[in-house]
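*Asks:* Below are the structure tokens for one structure; questions will follow.
The values are calculated or read from the model by the stated rules, or taken from the named source; none is laboratory data. Worth saying up front: this structure is predicted, and the values here are computed from it rather than measured. As a convention, Cβ positions derive from the backbone with ideal geometry for all residues, glycine included, and neighbour counts pool all protein chains shown.
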Amino acid sequence: MTVTITTDDFDVSAEIERLTDGNHDIGAVASFVGKVRGTVSGKALNSMTLEHYPGMTEAELTRIEAETIKRFELIACRIVHRVGTLQPGNNIVLVATCAPHRHNALSACDFLMDYLKSRAPFWKKEALADGTVHWVDARESDHDALTRWSESRS
Amino acid sequence: MSATNQQSTVTIRYFAWVREKTGTGSETLTLPADVSTVRDLALWMQQRGDGFAAAFAKPDAIRAALDQKHVAPNTKIAGAREVAFFPPVTGG
């Protein structure tokens with residue numbers, strides 16, 4: 001059950017091999033890989049830069065991983081998330097979940113990504129080929145119903 | 001600056017466009033006596049100066065953490081060593 005934040009690329013096969021090696025209770029491995037797409041709303045992307053909150057990133061991903069393991073009774077779990085400047089086609093994130101059977105492994109992978117998308121402290125900045133640079137806006141659908149600031153609250 | 005019996009020092013961190021607008025990634029502050037919650041601090045930021053006013057112009061757009069854990073805006077800061085302000089996250 002490990003979490004790695006890195007600027008380096010990861011090898012999906014090697015990560016899964018390392019995760020499952022010798023553990024013959026594992027009957028199912030589910031995984032998700034997020035990659036940098038080459039276009040944003042039809043416009044060409046030059047690069048994407050991921051900022052994060054050192055300290056909280058590891059802590060939050062560890063919490064998310066622990067919650068997922070408990071909820072889906074996973075045997076093993078692995079999260080690798082890259083930071084820094086990435087190019088179209090580059091890997092961003094790997095999530096791998098292991099269980100005796102496929103239902104828990106697959107559901108855990110889905111849950112973990114939803115949780116990561118709404119809680120893990122990373123922020124993406126996109127540099128487009130036309131020279132514009134912008135911070136990616138979070139999508140409401142990716143987020144829990146977080147409490148909103150309200151100036152009228154006393 | 002006001003004299004007060006209850007002053008506490010915290011580290012405040014800023015990320016993404018909040019960091020760009022304030023012009024700093026972190027600072028250490030003595031909290032004003034009338035700042036109790038995370039929301040109070042965000043509203044107090046509005047009157048600090050150009051960059052901070054711009055960053056905190058829409059407090060609804062900003063999220064916060066205390067000691068590296070997500071918190072609701074009405075959470076009291078007292079006891080925390082680190083506060084962080086950032087946009088809704090976009091990892092994954």
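*Asks:* State which residue is surrounded by the most Cβ atoms within 10 Å (Cβ to Cβ) when the search covers only region A:84-121 and only residues that are β-branched (Val, Ile, Thr) and within 14 Å of chain B (Cβ to nearest Cβ). Lay out the reasoning, then the answer.
*Replies:* Of all residues in region A:84-121, those β-branched (Val, Ile, Thr) come to A:85, A:92-93, A:95, A:97.
Next, only the ones that are within 14 Å of chain B (Cβ to nearest Cβ) stay: A:92-93, A:95.
Working: A:ILE92: 21, A:VAL93: 21, A:VAL95: 26.
Restricting to residues being β-branched (Val, Ile, Thr) and within 14 Å of chain B (Cβ to nearest Cβ), the top hit is A:VAL95.
*Asks:* Out of curiosity, is B:THR9 touching a strand residue (DSSP E or B) at 6+ places or on another chain (Cβ under 7 Å), more than 9 Å from every other protein chain (Cβ to nearest Cβ), free of Cβ contacts under 8 Å to residues at least 24 places away in the same chain and not charged (D, E, K, R)?
*Replies:* Numbers: touching a strand residue (DSSP E or B) at 6+ places or on another chain (Cβ under 7 Å): yes; more than 9 Å from every other protein chain (Cβ to nearest Cβ): yes; free of Cβ contacts under 8 Å to residues at least 24 places away in the same chain: yes; not charged (D, E, K, R): yes.
So B:THR9 fits the description; yes.
*Asks:* Just to be sure I understand, how many residues within region B:41-57 are more than 17 Å from B:VAL83 (Cα to Cα), of a type in the set (A, V, I, L, M, F, W, C) and more than 12 Å from chain A (Cβ to nearest Cβ)?
*Replies:* 2
*Asks:* Can you pull out the residues in region B:23-40 that are closer than 23 Å to B:ALA78 by Cβ and not small (Gly, Ala, Ser)?
*Replies:* B:GLU27, B:THR28, B:LEU29, B:THR30, B:LEU31, B:PRO32, B:ASP34, B:VAL35, B:THR37, B:VAL38, B:ARG39, B:ASP40
*Asks:* Here is a follow-up. Mind checking which pairs have a first residue in region A:14-36 that is in a strand (DSSP E or B) and a second that is of a type in the set (D, E, K, R), Cβ under 6 Å, 6 or more apart or different chains?
*Replies:* So the pair list comes out as A:ALA28/A:ARG102.
*Asks:* Here's something else I'd like to know. Could you say which residue among A:VAL133, A:VAL83, A:VAL95 is among the β-branched types (Val, Ile, Thr) and either more than 22 Å from A:THR57 (Cβ to Cβ) or in contact with a Pro (Cβ under 7 Å, 6 or more places away or on another chain) (or both)? Break it down into steps so the answer makes sense when it comes.
*Replies:* Values: A:VAL83 fails: either more than 22 Å from A:THR57 (Cβ to Cβ) or in contact with a Pro (Cβ under 7 Å, 6 or more places away or on another chain) (or both); A:VAL95 fails: either more than 22 Å from A:THR57 (Cβ to Cβ) or in contact with a Pro (Cβ under 7 Å, 6 or more places away or on another chain) (or both).
Exactly one residue qualifies, and that residue is A:VAL133.
*Asks:* Say whether the condition of being of a type outside the set (Gly, Ala, Ser), out of contact with any Ser or Thr (no Cβ under 6 Å at 6 or more places or on another chain), part of a helix (DSSP H, G or I) and facing another protein chain (nearest Cβ under 10 Å) is met by at least one residue in region B:58-70.
*Replies:* Checked against the condition, which is being of a type outside the set (Gly, Ala, Ser), out of contact with any Ser or Thr (no Cβ under 6 Å at 6 or more places or on another chain), part of a helix (DSSP H, G or I) and facing another protein chain (nearest Cβ under 10 Å), region B:58-70 yields at least one hit.
*Asks:* Still on this structure: How many of the residues making up region B:20-30 are in contact with a helix residue (DSSP H, G or I) (Cβ under 7 Å, 6 or more places away or on another chain) and either at pLDDT below 95 or outside any loop (DSSP other than H, G, I, E, B) (or both)?
*Replies:* Initial filter on region B:20-30 (in contact with a helix residue (DSSP H, G or I) (Cβ under 7 Å, 6 or more places away or on another chain)): B:21-23, B:25.
Filter once more, so that each one left must be either at pLDDT below 95 or outside any loop (DSSP other than H, G, I, E, B) (or both): B:21-22.
The total comes to 2.
*Asks:* Residues in region B:20-40: is at least one closer than 26 Å to A:ARG63 by Cβ, at the interface with chain A (Cβ under 8 Å from one of its Cβ atoms), of a type in the set (A, V, I, L, M) and surrounded by 16 or more Cβ atoms within 10 Å (Cβ to Cβ)? Break it down stepwise before answering.
*Replies:* Filtering region B:20-40 for residues closer than 26 Å to A:ARG63 by Cβ gives B:25-26, B:37-39.
From what is left, the residues that are at the interface with chain A (Cβ under 8 Å from one of its Cβ atoms) are B:39.
From the residues that got through so far, the ones that are of a type in the set (A, V, I, L, M) too are none.
Checked region B:20-40: no residue is closer than 26 Å to A:ARG63 by Cβ, at the interface with chain A (Cβ under 8 Å from one of its Cβ atoms), of a type in the set (A, V, I, L, M) and surrounded by 16 or more Cβ atoms within 10 Å (Cβ to Cβ).
*Asks:* So, A:GLU60, is that one modelled with pLDDT under 95 and either in contact with a Lys or Arg (Cβ under 7 Å, 6 or more places away or on another chain) or surrounded by fewer than 18 Cβ atoms within 10 Å (Cβ to Cβ) (or both) or not? Let's see the steps before the verdict.
*Replies:* Numbers: modelled with pLDDT under 95: no; either in contact with a Lys or Arg (Cβ under 7 Å, 6 or more places away or on another chain) or surrounded by fewer than 18 Cβ atoms within 10 Å (Cβ to Cβ) (or both): yes.
Taking the combined requirement at face value, the residue does not satisfy it.
*Asks:* Shifting gears a bit: Quick check on my filter: what residues within region A:16-32 are under 15 Å from the mean Cα position of the chain (by Cα) and not small (Gly, Ala, Ser)? I'd like the intermediate steps shown before the answer.
*Replies:* Looking only at region A:16-32, we keep the residues that are under 15 Å from the mean Cα position of the chain (by Cα), and these are A:30-32.
Matches in region A:16-32: A:PHE32 only.
*Asks:* Please tell me if B:ALA16 is touching a residue at least 40 places away in the same chain (Cβ under 8 Å), surrounded by 19 or more Cβ atoms within 10 Å (Cβ to Cβ) and either more than 14 Å from chain A (Cβ to nearest Cβ) or on the phi > 0 side of the Ramachandran plot (or both). Don't jump to the end; show me each part of the working.
*Replies:* Details: touching a residue at least 40 places away in the same chain (Cβ under 8 Å): yes; surrounded by 19 or more Cβ atoms within 10 Å (Cβ to Cβ): yes; either more than 14 Å from chain A (Cβ to nearest Cβ) or on the phi > 0 side of the Ramachandran plot (or both): yes.
So B:ALA16 fits the description; yes.
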